[in-house]
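Below: one structure, written as structure tokens.
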Amino acid sequence: MLDSVFHMRTRHLTVAQALIEFLIVQRTARDGDAGQPFFAGAFGIFGHGNVAGIGEALLAARDRFRLYVPRNEQAMVHTAVAYAKMRNRLQTFACTTSIGPGATNMVTGAAGATINRLPVLLLPGDIFSTRRAAPVLQQLESNSSLDQSVNDCFKPVSRFWDRINRPEQLAPSLMEAMRILTSPADTGAVTLAMPQDVQAEAFDFPDTLFEPRTWTIARPRPDATLVDRAARAIAASSRPFIIAGGGVIYGGACDTLRRFVERTGIACGETQAGKGVLPFDHPQAAGAVGVTGTTTANRLVREADLVIVIGSRLSDFTTASNTAFADPNVQFVAINVAELDAYKRGAIPLVGDARATVSELAERLASYRVSDRYASQLADWKAGWETEVDRVCQPSGRSPMRQAEVIGTINASLAPRDVIVCAAGSLPGDLHKLWRARDSKGYHLEYGYSCMGYEIAGGLGVKLAAPDREVVVLVGDGSYLMMAQEIATAVQEGVKLTVVLLDNHGFSSIGSLSASVGCGGYATEYRRRTESGQLDGEYAVVDFVANAASLGARTACVSTPDALAEALGRARTSADTTVIVVPVDRESRVPGYESWWDVPVAETSTLETVRDARVAYDRARVRQRPLL
Ligand SMILES: Cc1ncc(C[n+]2csc(CCOP(=O)(O)OP(=O)(O)O)c2C)c(N)n1
Ligand SMILES: [Mg+2]
């Protein structure tokens with residue numbers, strides 16, 4: 001069709017059809033490479049809010065745009081986000097839901113995406129724009145406004161939010177959505193709420209909307225004056241330390257950083273998202289830093305006179321709630337694409353891409369090298385740490401097994417490129433400390449939101465993104481019970497996962513935290529209610545083997561390291577999804593290593609244990625520093 005004055009060619013499509021046609025032709029590219037489609041397809045669960053609009057459009061495009069059908073809307077966002085993380089933010093999925101509960105089920109996933117700075121496009125259905133049938137099934141009504149729906153909940157957890165009330169709004173909104181999704185600094189969840197009547201409405205969309213578009217993932221350079229200043233500060237430092245976060249991996253800066261630390265000798269600690277930046281046995285790899293850090297990294301960061309933060313948002317787990325940096329004159333240099341992060345802790349802010357910025361610093365520090373004393377101290381502490389890992393992970397011969405021996409056994413059974421996936425509970429801390437990462441994409445932890453339920457759904461996204469790698473999901477029994485159903489999706493798709501489920505009858509992590517705040521582990525075990533009125537009876541046992549089998553997985557239940565290694569070997573050679581259930585001892589925990597986490601303890605209490613905990617808390621807080 002030919003439109004008036006500008007002779008603009010148009011296509012007569014529904015809003016939903018135009019949306020899907022647009023998504024199909026969006027691409028990303030970086031460093032002049034050939035690039036890839038930005039959307040690997042869509043995840044969707046249909047209801048009256050999307051079946052006729054976006055559902056029809058996806059049906060019409062089914063040979064060009066793959067639709068995956070998960071079992072839960074929150075889970076599908078985790079899957080999409082895990083995929084995006086595995087693909088270094090160069091690709092993701094769109095997620096479509098009905099209106100109401102289907103939509104709000106995605107809110108948790110959206111928060112996880114935005115907090116972890118990972119792109120995902122959310123397309124919740126929305127109430128009638130025309131309001132002609134209001135209130136529609138599942139519509140939230142308000143006394144104060146008709147311009148409100150449950151989708152307004154997405155606003156604070158989205159980097160960009162819009163509601164498409166007219167077909168004309170679609171094109172500008174999609175362009176903004178793509179700008180944000182592909183921006184390394186601003187990416188996160190993007191929500192386009194799609195009223196169900198508008199989805200089905202036809203309109204003459206300009207042909208230009210459907211032209212293939214490649215979004216270049218930029219490598220912004222920092223300000224030259226600030227790079228000079230940062231280089232001078234580093235050159236003048238005697239005990240520098242690097243904190244590497246997820247931005248190093250997403251920016252493809254691992255090799256550049258490795259060469260930089262090899263040349264300068266500066267030790268490098270890793271956040272959860274940054275673990276794997278260096279292989280664990282690299283001479284400059286200090287390992288995990290912060291609350292769940294190694295002695296090596298925590299001592300180095302404590303003594304550091306200059307901390308170079310690269311691609312990290314410096315959460316409390318990394319800064320040990322601001323107790324990690326003990327040198328009174330410690331200075332910070334922060335490299336980050338996001339201004340928000342680069343300015344934290346009064347750092348010399350190098351707002352730029354990790355790879356480009358580290359290269360520029362390296363050029364200016366060609367003659368800088370740490371002292372021999374620093375180097376030998378690092379080597380000594382590293383050797384001591386490896387001995388500690390061996391000690392903690394060695395088989396105990398006890399039953400049930402300790403979690404650390406399970407981790408040690410899995411680590412020894414996996415090949416360097418295999419991926420472990422985890423998110424919440426006591427496992428992330430133990431893995432951060434103990435796991436010997438040998439590949440920058442081999443350690444996949446969602447610890448920005450630490451969302452129980454991410455593990456299996458996330459594992460599915462990792463495997464979709466990296467079908468050539470073995471993917472092993474580690475999940476606690478609590479997390480499994482929140483969201484195990486995506487095993488059925490994995491089976492349906494023929495996407496193979498190996499899930500290791502550690503059963504300790506509830507929340508071991510929160511149990512120990514509860515004890516540390518004087519609350520004795522209250523309500524953190526799955527126990528039956530007794531006549532006392534309390535949850536202090538027998539364990540409320542779940543047959544996890546039967547549960548996983550019912551979802552279509554192969555199963556095993558093991559109680560020794562040898563049996564676990566054998567089950568992992570069988571899972572590796574199998575084409576099917578396997579769930580290996582491992583009972584673990586809830587009380588044998590991996591200790592903390594010279595760090596602290598701020599969890600406020602009740603200032604007044606009838607319980608003596610709480611009062612004691614408060615005394616210890618007040619004492620520990622003295623080390624907290626008001627770093628701006
Ligand atoms: C969705 C969600 N709810 C609650 C929490 C708080 N939380 C963190 S860990 C945890 C317990 C996890 O239990 P499990 O998966 O069995 O792991 P374990 O602590 O036993 O290692 C809870 C309740 C959370 N992180 N995510
Ligand atoms: Mg548990």
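The values are calculated or read from the model by the stated rules, or taken from the named source; none is laboratory data. Nothing here was measured: the structure is a model prediction, and the numbers come from that model. Quick reminder, even Gly has a Cβ in these numbers, built from the backbone with ideal geometry, and neighbours come from all protein chains shown. Just the protein is used for accessible areas: all its heavy atoms, side chains included, with ligands, DNA and RNA removed. Shrake-Rupley method; radii C 1.70, N 1.55, O 1.52, S 1.80 Å.
Quick one: Debye curve from the alpha-carbon atoms of segment 575-628 only, equal weights, vacuum; give me log10 I(q)/I(0) at q = 0.31 Å⁻¹ to two decimals.
Each listed q maps to, in turn, -1.18.
Long-range amide H contacts for Ala286: which residues qualify at under 5 Å (H placed 1.01 Å from N, peptide plane, sequence gap of 5 or more or a different chain)?
Those qualifying (amide H under 5 Å, at least 5 residues apart or on another chain) are Cys268, Gly269.
What angle do you read, to the nearest 10 degrees and between 0 and 90, between the alpha-carbon axis of helix 170-181 and the longest principal axis of the chain?
So the inclination is approximately 10 degrees.
Working from Cα positions, state the angle (0 to 90°, nearest 10) between the long axis of helix 224-235 and the longest principal axis of the chain.
Helix 224-235 and the main axis of the chain meet at about 20 degrees.
Quick check for me: using +1 on Lys/Arg Cβ and -1 on Asp/Glu Cβ, what's the dipole size of segment 70-184 about its Cα centre, in debye to the nearest 20?
Charge dipole, segment 70-184, about its Cα centre: 420 debye, nearest 20.
May I ask which residue of Gln169, Pro220, Ser367 lies farthest towards the positive end of the charge dipole of the chain, with charges of +1 (Lys, Arg) and -1 (Asp, Glu) on Cβ and the Cα centre as origin?
Of the candidates, Ser367 comes out farthest on the positive side.
Please identify the trypsin sites (Lys or Arg not before Pro) of segment 456-559 that satisfy two criteria: DSSP loop assignment and at most 15 other Cβ atoms within 10 Å. Which are they?
Filter output for segment 456-559: Arg528, Arg529.
Taking Rh as the Kirkwood radius computed over C-alpha pairs, what is the Stokes-Einstein D of segment 347-426 at 4 °C in a medium of viscosity 1.567 mPa s, expressed in µm² per second?
75
Provide the per residue accessible area, probe 1.4 Å, for segment 1-81, rounded to a whole number of square angstrom.
45
Could you tell me which chymotrypsin sites (Phe, Trp or Tyr not before Pro) in segment 483-586 are loop residues by DSSP with no more than 15 other beta carbons within 10 angstrom of their beta carbon?
Loop-located and lightly packed - Tyr522.
Sorting Asp186, Asp430, Asp147 by accessible area (1.4 Å probe), largest first, what list results?
The ranking, largest first, comes out as Asp147, Asp186, Asp430.
Using only the alpha-carbon atoms, what does segment 411-479 span along each of its principal axes? Please give whole angstrom values in decreasing order.
28, 26, 20
Does anyone have the angle between helix 73-86 and the longest principal axis of the chain? Alpha-carbon axes, 0 to 90°, nearest 10?
70
Distance from the Cα centre of segment 202-253 to that of segment 175-189, in angstrom?
If we compute the Cα centre of each part, the gap is 13 Å.
Give me the dipole magnitude in Debye, nearest 20, for the chain about the Cα centre, with unit charges on the beta carbon: positive for Lys and Arg, negative for Asp and Glu.
Numbers: 64 positive and 68 negative charges, 234 e Å.
So the magnitude is around 1120 debye.
Quick one: check the C-alpha center-to-center distance for segment 421-470 versus segment 570-628, whole angstrom.
What the calculation gives is 19 Å, centre to centre.
Among Pro467, Ala236, Trp435, which residue has its Cα furthest toward the positive end of the charge dipole of the chain, with +1 on Lys/Arg Cβ and -1 on Asp/Glu Cβ?
Farthest towards the positive end: Ala236.
Explain nothing, just the number: relative contact order of segment 398-502, from Cα pairs under 8 Å at least 6 residues apart, as a whole percent.
With pairs under 8 Å counted, the relative contact order is 29 percent.
Compactness ratio of segment 1-150: Cα Rg over 2.2 N^0.38 Å, N = residue count? Please list the in-between numbers first.
Details: Rg = 17.2 Å, N = 150, 2.2 N^0.38 = 14.8 Å.
That ratio works out to 1.16.
Simple spin-label model, 7 Å along Cα-to-Cβ: Ala523 to Arg619 in nm?
The two pseudo-label positions are separated by 2.9 nm.
Leaving ligands, DNA and RNA out of it, report the carbon-plus-sulfur percent of the accessible area of segment 94-178 at a 1.4 Å probe.
Working: 1790 of 3460 Å².
The nonpolar share, carbon plus sulfur, comes to 52 percent.
I'd like to know how segment 231-271 sits against the 2.2 N^0.38 Å rule of thumb: what's its Cα Rg over that expected value?
So the Cα radius of gyration is 1.19 times the expected 2.2 N^0.38 Å.
Taking 2.2 N^0.38 Å as the expected size of a compact globular protein, what ratio does the Cα radius of gyration of segment 243-311 give against it, to two decimals?
0.98
Taking every pair of Cα atoms in segment 449-604, average 1/r, invert it to obtain the Kirkwood radius, and report Rg/Rh to two decimals.
1.02
Per residue and in Å³, how big is the convex hull formed by the alpha-carbon atoms of segment 307-389?
Given the Cα convex hull of segment 307-389, per-residue volume reads 136 Å³.
Treating each Cα of the chain as an identical point scatterer and ignoring solvent, apply the Debye formula and state log10 I(q)/I(0) at q = 0.06, 0.07, 0.08, 0.10 Å⁻¹.
Listed by q, the Debye log ratios stand at -0.35, -0.47, -0.62, -0.95.
Starting from segment 340-425, pick out the trypsin sites (Lys or Arg not before Pro) whose DSSP state is loop and whose Cβ has at most 16 other Cβ atoms within 10 Å. Intermediate values should be presented prior to the final figure.
Details: sites: Lys344, Arg345, Arg355, Arg364, Arg369, Arg373, Lys382, Arg391, Arg398, Arg402, Arg417; in loops: Arg369, Arg398, Arg402, Arg417.
When the trypsin sites (Lys or Arg not before Pro) of segment 340-425 are filtered for loop state and at most 16 Cβ neighbours within 10 Å, Arg369, Arg398, Arg417 remain.
Could you compute how much accessible surface Val491 exposes when probed at 1.4 Å, giving the result in Å² to the nearest 10?
60
Within segment 197-232, what residues put their amide N at less than 16 Å from the label point 7 Å along the Cα-to-Cβ vector of Ala134?
The answer is 197-198.
Considering only protein heavy atoms and a probe of 1.4 Å, how much of the accessible area of segment 260-399 is carbon and sulfur, as a whole percent?
The value for segment 260-399 is 48 percent carbon and sulfur by accessible area.
Using all C-alpha to C-alpha distances in segment 141-283, build P(r) with 10 Å bins and read off the rounded percent in each one.
Bins of 10 Å from zero give 9, 24, 25, 17, 15, 9, 1 percent of pairs.
Taking the alpha carbon gyration tensor of segment 195-344, what are the square roots of 5 times its eigenvalues, largest first, to the nearest whole Å?
On the way: eigenvalues 290, 66, 49 Å².
Largest first, segment 195-344 gives 38, 18, 16 Å.
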